[in-house]
Amino acid sequence: MNVTIIGAGYVGLLSGACLAEKGHRVSCVDISQQLVEQLNQGKPHIYEAGLAELLGRALDSGRFRATTDLDSSLDRCDLVIVAVGTPSENGVIDLSSIVQISRRIGLYLRTRDRHLSIVIKSTVVPGTTDTLVRSEIASASGKDFPSFGLGMNPEFLREGNAISDFMEPDRIVLGYEDDKTLQLLEELYAPWEADKIRVNTRTAELIKYANNILLATQVSTVNEIANLAAALGNIDVMDVVRAVHLDKRWNPILEKGRVTPGILSYLVPGCGFGGSCFPKDLQALRSQGREKGIPMHMLNAILKVNDSQPRQVVDTIAHELGDLTGKTALVLGLSFKPGTDDVRESASLKIVRSLLQKGVKVIAHDPVATHNFKTALGTPGDKLHYVDSWTENVDKADIVIVATAWPEYQELSQLHLEGKVVFDARRMFQPSAFTKGKYLSIGRRMS
Ligand code: UDX
């Protein structure tokens, strides 16, 4: 079918390229002429494994085009998917792009005598599609629902795994307000055999938040337990966590042995979650809940633990070494997780700022995120240097902090670390791997 996607950002571009791969004809609309030209030359503006190849194939097949011309694109499409940003403004969701696009679609519909279904893919707080989007389109078009259709189809794309998450999803949520839109969504996702959940749009919206909140809950809860283990002393929280992971309700025992579900990787202590979704989504739902008179105690606690978690790193090092002024720290990993150059809400931002405040010289490394990190951190003065090769800089450091679990940092345990402190903020290593240097980590204080 012919699909228009509005917004060629991470979600819009990726969804568009994947839908084209499955045989749909996709027109991806963006206001940036420069971005549109770049995409039509096959050059994605974001780093995601496999995306450049996927976009190349989509362009070659003739089933994908980026454009700035919304009206012509809408004229040709059966269904429009909205994938614009919904950032957080002081903890409250900013729906201004959604409003703007809804009005723009409404103005288009005012001049055409046709049916169009509008499906929101952007993450929006529950109730947005069936109230705000509906009323903006209605007032700009002069026509009321159901003369146009409304749907909500959340994405569950993990950065770094986004293409396989889209192509082999665990479920597809088809949120709809009218039968025609459901029928179009069924057609859109007909090539996929995944479980499909058919619900109204506000349920679809809440599913997206609930999913992320429950994952973030695991992270903050295990981090709080880790902090207690460290405060008690003589407990390594990894021993605790490994035993908990073996509970058969977390890790079922089947005929062929253990399953080891993916959820367990969120149940590992570290220096906190980050990225473009978890922090923003939790804040948005907390704010909506409070507005509705629900205090959202859980969300508050998850966010509070996460906000202070990066502090555990510098506090533990200071507890061991005392005054850190004049020391040199090598920080390994700047992105919020491995496999991405995204540094939004990355714990490394807080760790580096805190080290600099304590008078520590910082050498920072990341395989792909250095450029974004520099921009996000601002101008740090002359105490911070970025390096391309981390192994060559281990010698210069008194402290080595593993802040993102990039697989290449596994090599650290094979290097000469005499007299150095290693802080494993992602619990990548066995403590026994460090016989020469001093090994410190989240959730373990043996002295
Ligand atoms: C997340 C959701 O997983 C995805 O479904 C949603 O649509 C967008 O938000 P993403 O932000 O890419 O995707 O990150 P994810 O891989 O879930 O990681 C989020 C946080 O959890 C990160 O800070 C990461 O370090 C932490 N995490 C991730 C873990 O602690 N363990 C893991 O195994 C994976």
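The values are calculated or read from the model by the stated rules, or taken from the named source; none is laboratory data. Everything numeric in this text was worked out from a predicted model, so none of it was measured. Neighbour counts are summed over all protein chains in view; Cβ atoms, including those assigned to glycine, are modelled from backbone coordinates with ideal geometry. SASA here: full protein model, heavy atoms, side chains in, ligands and nucleic acids out. Shrake-Rupley method; radii C 1.70, N 1.55, O 1.52, S 1.80 Å.
In segment 146-167, the residues that are of a type in the set (S, T, N, Q) reach residues that are within 12 Å of the ligand (Cβ to nearest atom) with C-beta atoms within less than 7 angstrom, at least six apart or across chains, in these pairs: Asn153/Lys121; Asn153/Val173.
The set of residues from segment 148-174 being open to solvent by 10 Å² or more (accessible area, probe 1.4 Å) and more than 24 Å from Gly127 (Cα to Cα) comprises Arg158, Glu159, Gly160, Asn161, Ile163, Ser164, Asp165, Phe166, Met167, Glu168, Pro169, Asp170. Taken residue by residue, segment 211-222 has no member that is among the polar types (S, T, N, Q), open to solvent by less than 10 Å² (accessible area, probe 1.4 Å) and closer than 26 Å to Leu74 by Cβ.
Out of Ile363, Ile294, one residue alone is part of a loop (DSSP other than H, G, I, E, B) and open to solvent by 10 Å² or more (accessible area, probe 1.4 Å). It is Ile294. For Val343, all conditions in the list (1) over 27 Å from Leu321 (Cα atoms); (2) in a helix (DSSP H, G or I) hold save one; what is the number of the exception? Condition not satisfied by Val343: (2).
Looking at this structure, is Arg134 within 16 Å of the ligand (Cβ to nearest atom) and open to solvent by 50 Å² or more (accessible area, probe 1.4 Å)? No. For segment 300-307, indicate whether the set of residues that are modelled with pLDDT of 95 or more and within 11 Å of the ligand (Cβ to nearest atom) is non-empty. Yes: segment 300-307 contains one or more residues that are modelled with pLDDT of 95 or more and within 11 Å of the ligand (Cβ to nearest atom). Please go through (1) more than 25 Å from Leu355 (Cβ to Cβ); (2) loosely packed, with under 12 Cβ neighbours inside 10 Å for Lys280 and return the number of the only condition it doesn't satisfy. Failing condition for Lys280: (2).
When you look at Ala226, is it more than 25 Å from the chain's Cα centre (by Cα), outside the structural domain of Ser117 (by TED's automatic domain parsing) and assigned to a helix (DSSP H, G or I), yes or no? Spelling it out, it is not the case that Ala226 is more than 25 Å from the chain's Cα centre (by Cα), outside the structural domain of Ser117 (by TED's automatic domain parsing) and assigned to a helix (DSSP H, G or I). Against the definition (closer than 23 Å to Val268 by Cβ, touching a residue at least 12 places away in the same chain (Cβ under 8 Å) and out of contact with any Pro (no Cβ under 9 Å at 6 or more places or on another chain)), how does Leu334 come out, yes or no? Spelling it out, Leu334 is indeed closer than 23 Å to Val268 by Cβ, touching a residue at least 12 places away in the same chain (Cβ under 8 Å) and out of contact with any Pro (no Cβ under 9 Å at 6 or more places or on another chain).
When you look at Val259, is it within 13 Å of the ligand (Cβ to nearest atom) and either surrounded by fewer than 20 Cβ atoms within 10 Å (Cβ to Cβ) or under 22 Å from Ala162 (Cβ atoms) (or both), yes or no? In short, no.
To keep it simple, each residue is scored yes or no on (1) touching a helix residue (DSSP H, G or I) at 6+ places or on another chain (Cβ under 6 Å); (2) closer than 23 Å to Ser102 by Cβ; (3) open to solvent by 20 Å² or more (accessible area, probe 1.4 Å).
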{"position": "Gly16", "(1), (2), (3)": "no, yes, no"}
{"position": "Arg25", "(1), (2), (3)": "no, no, yes"}
{"position": "Ser32", "(1), (2), (3)": "no, yes, yes"}
{"position": "Leu39", "(1), (2), (3)": "no, no, no"}
{"position": "Ile46", "(1), (2), (3)": "yes, no, yes"}
{"position": "Leu59", "(1), (2), (3)": "no, no, yes"}
{"position": "Ala66", "(1), (2), (3)": "yes, yes, no"}
{"position": "Asp69", "(1), (2), (3)": "no, yes, yes"}
{"position": "Arg76", "(1), (2), (3)": "no, yes, yes"}
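Can you tell me how many residues in segment 48-57 are among the acidic types (Asp, Glu) and surrounded by 16 or more Cβ atoms within 10 Å (Cβ to Cβ)?
Applying the first criterion (among the acidic types (Asp, Glu)) to segment 48-57 yields 48, 53.
Keeping just the survivors that are surrounded by 16 or more Cβ atoms within 10 Å (Cβ to Cβ) gives 48.
So the answer is 1.
The residue that is farthest from Pro44 (Cα to Cα), among those in segment 332-341 that are crowded, with 21+ Cβ neighbours inside 10 Å and more than 8 Å from the ligand (Cβ to nearest atom), is Leu332. Where the second residue is within 13 Å of the ligand (Cβ to nearest atom) and part of a helix (DSSP H, G or I) and the first is in contact (Cβ under 8 Å) with a residue 60 or more places away in the chain and lies in segment 398-411, which pairs have Cβ atoms under 7 Å and are six or more apart or on separate chains? Within 7 Å, the pairs are Ala403/Ala347; Ala403/Ser348; Thr404/Ser348.
The strands (runs of 3 or more DSSP E) found entirely in segment 366-447 that carry 1 or more residues being charged (D, E, K, R), under 31 Å from the mean Cα position of the chain (by Cα) and within 16 Å of the ligand (Cβ to nearest atom) are 421-424. The residues of segment 161-179 that are within 12 Å of the ligand (Cβ to nearest atom), under 17 Å from Lys22 (Cα atoms) and within 16 Å of the chain's Cα centre (by Cα), listed by number, are Ala162, Asp165, Phe166. If the condition is being away from the ligand (no atom under 16 Å from the Cβ) and among the β-branched types (Val, Ile, Thr), then segment 89-118 contributes Val92, Ile98, Val99, Ile101, Ile105, Thr111, Ile118.
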